[in-house]
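Written below as structure tokens is the structure these notes are about.
The values are calculated or read from the model by the stated rules, or taken from the named source; none is laboratory data. In this text the structure is predicted, and so the values were computed from the model without any measurement. In this analysis, Cβ positions are derived from the backbone assuming ideal geometry, glycine residues included, and neighbour counts consider all displayed protein chains.
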Amino acid sequence: MVQEPVNPIEYLEYGFVLACERHEETYRRWRSLHGKLEAMQREPIAHDAGVGDGRIDCLLREMENDQLSFVRETGVSGGYPFSRTRLQIQLTRYWIVSAGEMLRSVRKATEEGHPNRSKLSKLTQRFGAYRMMISKQTPQQGSKKNRPITLPDGEEYRGEGFYAVKPMIDNETGSIGFVVYDGESKQKRDEPRKALSDMLLDFGESLPDPKAV
């Protein structure tokens, strides 16, 4: 345990330590996932953001629990009216993009015939729908010109220009969500962040322990 913080950086460090302690099992599952993804690759090199993303996941889970308590206590949806919600949105953006990039990198480095590559590809596509819209403001596998698609808010996208996703609070989990169009599966996706994290960690649980192989 770190000492009582005295400046902003120590407060930040203190928050990460507390979050990882309170979500110790989640953090353990992240470390396990990281090792299993490393073992899947042709050259087993750990993705350097993986464990760090796990720590941010724990911090976001604390923020999500806090948002959920606020909604239940006040009946006000849409999250806290002050900066903590904006910070949660920005951390959620970062986490989705970084975790999605980790999956994409691992899939690229995994042999075509690997028994778990197909499941990895499906999960990478799922995250990719959000990663592309958040980081590039364009749908995954964007549409061809002159073939418009209808985005969640009714706006048409023709493969030209950009489309900015709007964050929202999921009142069931306190998690930030983004409604996006997945140009690869041709459907709308709207999972809140916590659901994506749970999906990723469940995938890790389904992978064999490299130490037992």
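Points worth noting:
- Identity of the residue in segment 155-182, of a type in the set (S, T, N, Q) and part of a loop (DSSP other than H, G, I, E, B), that ends up modelled with the lowest pLDDT: ASN171
- The residues in segment 38-75 that are closer than 15 Å to LEU87 by Cα and of a type outside the set (A, V, I, L, M, F, W, C) can be counted, and the count is 7.
- Test: residue in segment 58-66 that is under 21 Å from the mean Cα position of the chain (by Cα) and either basic (Lys, Arg) or loosely packed, with under 13 Cβ neighbours inside 10 Å (or both): yes
Okay, residues lined up against (1) touching a Ser or Thr at 6+ places or on another chain (Cβ under 6 Å); (2) in contact (Cβ under 8 Å) with a residue 12 or more places away in the chain; (3) basic (Lys, Arg); (4) surrounded by fewer than 20 Cβ atoms within 10 Å (Cβ to Cβ):
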residue	(1), (2), (3), (4)
GLY100	no, yes, no, no
ARG104	yes, yes, yes, yes
LYS108	no, no, yes, yes
GLU111	no, yes, no, yes
ALA129	no, yes, no, no
MET133	no, yes, no, no
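- Among the residues of segment 44-72, those that are within 25 Å of ALA109 (Cα to Cα) and of a type in the set (Asp, Glu) comprise ASP48, ASP53, ASP57.
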